[in-house]
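Presented below is the structure to which this report refers.
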Ligand code: 4NP
């Protein structure tokens, strides 16, 4: 039996980086004709129910994605079964995702930038304390990784 991929993108707050990763992936998957589910979450509970950071909404809009309706949530035990892949935006997120995993987790857990050969092991830096230019860098990074991920998933399709 095969099932379509279900991808969860996880950062700390689910307001800056992971909503952008989700949006970039949705866009890349739609453009490629890949059937996949996508969502995002935070390891922390700071922003449950909140809209993304206004700077993330702005950079997404500049790149043709509307994320104003996204709402923050925290990663939950069932996510480790519901999703086939969980991607951490940085290495601290990766440690937290692994620490919070239930015993019988089935999802593959990895760093998002591992999808780009030249960026293996690298973090998507947190733009929270920066300016709009930092959010443009974040978009470029998550967009490149999302496109690489879509290419890989398409190649893995039966
Ligand atoms: P994110 O950025 O993890 O990319 O969503 C942050 C958002 C909020 C906070 C930290 C990082 N915060 O401390 O509230």
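Each reported figure results from applying straightforward, stated rules to the coordinates on display, with no laboratory input. Quick caveat, the model's predicted, so the values are computed rather than measured. With ideal geometry, Cβ positions are generated from the backbone for all residues, glycine too; neighbour counts draw on all protein chains shown.
Going from the residue with the fewest nearby Cβ atoms within 10 Å to the one with the most, 73, 55 rank 73, 55.
Relative to the current alpha-carbon distance between residue 31 and residue 54, full extension at 0.36 nm per residue lengthens the span by 5.7 nm. FRET efficiency for the pair residue 98 and residue 46, taken as 1/(1 + (r/R0)^6) with r the Cβ-Cβ distance and R0 = 25 Å, rounds to 0.80. Stretched out straight at 0.36 nm per residue, the stretch from residue 117 to residue 132 would grow longer than its current Cα-Cα span by 2.7 nm. For segment 81-158, the average shadow cast by the Cα convex hull is 6.2 nm², which is a quarter of the hull's surface.
For the chain, modelled as a Gaussian network with Cα springs under 10 Å, which listed residue fluctuates most, 48, 97, 86? Maximum fluctuation in the GNM of the chain, among the listed residues, is at 48.
Does a label point 7 Å from the Cα of residue 106, set along Cα-to-beta-carbon, have any residues of segment 59-86 with amide nitrogen under 19 Å, and which are they? Residues 76-86 fall inside that zone.
Cα centroids of segment 78-137 and segment 49-75: how far apart, whole angstrom? If you average the Cα positions of each part, the centres end up 17 Å apart. When the P(r) of the chain is calculated, the portion above 22 Å amounts to 34% of the C-alpha pairs. In terms of other Cβ atoms within 10 Å, 4, 118 run from fewest to most in the order 118, 4. Sort 103, 126, 53, 66 so that the residue with the fewest other Cβ atoms within 10 Å of its own Cβ comes first and the one with the most comes last. Going from sparsest to densest Cβ surroundings: 103, 66, 126, 53. Using the Cβ-Cβ distance between residue 3 and residue 78 with R0 set to 22 Å, the FRET efficiency works out to roughly 0.85.
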